[in-house]
Amino acid sequence: MLGGTREARELAEHLEAAGVRVMSSLAGRVKNPALPVGEVRIGGFGGVEGLATFLGVRGVRLLVDATHPFAAVMSDHAVAASERTGVPLLRLLRPGWRDHPRAGKWTWVDRIEDAPEAMARLGGRPFLTTGRQGLEHFASWRDRWALVRLVESPEGDWPNWTILHTRGPFDAGSERALMKEHDIDVLVSKDSGGPLTEAKLDVAGELGIPVVMVARPVERAQVIVQDVRAAVLLVLELLADRHG
Ligand code: NAP
């Protein structure tokens, strides 16, 4: 299981409880990661080749990609390694926010590189919630103030930004208080989806704060499930099929 998400930890827990041996893989970006139950390995595989070799050497019967919706390189490698080795691939991908009631009002951009320009057009006191990766694209805003929420410290030096080190979930009350306290006038988010970080979008709508939303990367996996429950059932079915 390629992990690094809450769903991946939940899935590992359910599968282990059902008697399935799970090995979870983490990229190793976070210093104190929340660890899933079962066996855990940490660090990259060395590209498609490395992952394909790993699947063979470890006798992996099913590859589950439960990485974050924006971990596009890893997901593409999973597809390629699955094709190369014949190890079936299941993608666990939570629904995005395209169907959010306010989605039509947001300014959607295809890539994080395009977010700073949209943000600058819409406001002057931004709240950046796109995470540590891709922050370098906001270098044009380095001399101005921004509120930036991250799990880990960012790379580089951002002297004018207020950086909050917090991990979700975040509720509407705290999001409202935060946006009001800092007089936020534009919110920047990735279409990560999921209920744990959704409150900021409702609060932004309520306060009339425009939202810049970075669209998800293209998903190449053939078999996709949207929640942990469906993933558990399909994993059990696929493993039974292959050995039934
Ligand atoms: P990425 O850009 O798609 O992947 C870059 C490289 O990191 C991969 O080619 C792979 O190295 C290694 N890698 C990524 N995920 C891995 C995993 N689960 N196990 C082993 N190696 C992994 O990935 P990313 O966006 O940096 O995300 C890294 C991790 O953080 C993922 O586990 C993801 O679920 C989690 N995460 C990402 C985000 C986000 O916004 N991107 C948010 C929350 C959590 P090799 O080519 O050497 O195999």
Figure the gain on full extension for ASP171 and VAL218 (residue separation times 0.36 nm, minus the Cα-Cα span) and round it to one decimal in nm.
-> 14.0 nm
With every protein chain kept in place and a 1.4 Å probe, the chain has an accessible area per residue in Å² of 51 Å²
Computed Rg/Rh of the range 172-233, alpha carbon atoms with Kirkwood Rh | 1.12
For the range 88-224, what number results from the quotient of the Cα radius of gyration and 2.2 N^0.38 Å?
-> 1.05
Using only alpha carbon pairs under 8 Å that are at least six residues apart, calculate the relative contact order of the range 47-149 and give it in whole percent.
-> 22 percent
For peptides 106-119, 20-33, sequence by mean Cβ density within 10 Å, most packed first | 106-119, 20-33
List the relative contact order of the range 103-214 as a percent without decimals, with contacts defined as Cα pairs under 8 Å and 6+ residues apart.
-> 35 percent
Normalised by the number of residues in the chain, what is the relative contact order in percent for Cα pairs under 8 Å and 6+ residues apart?
-> 22 percent
Taking every eigenvalue of the Cα gyration tensor of the chain, multiplying by 5 and rooting it, what semi-axes result, largest first, whole Å?
-> 35, 18, 16
Share of the chain's accessible area from carbon and sulfur, percent, 1.4 Å?
-> 49 percent
Computed helical MRE - 222 nm, the chain, DSSP H runs ≥ 4 contributing -39500 (n - 2.57), nearest 500 | -10000 deg cm²/dmol
For the range 1-87, what class follows from the C-alpha gyration tensor (a ≥ b ≥ c being the square roots of its eigenvalues): rounded when a/c is under 1.5, otherwise prolate if a/b is larger than b/c, else oblate?
-> oblate
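The values are calculated or read from the model by the stated rules, or taken from the named source; none is laboratory data. The model shown is predicted, which means the values in this text are computed figures rather than measured ones. Neighbour counts are summed over all protein chains in view; Cβ atoms, including those assigned to glycine, are modelled from backbone coordinates with ideal geometry. These area figures cover heavy atoms from the full protein model, side chains too; ligands, DNA and RNA do not enter into them. Shrake-Rupley method; radii C 1.70, N 1.55, O 1.52, S 1.80 Å.
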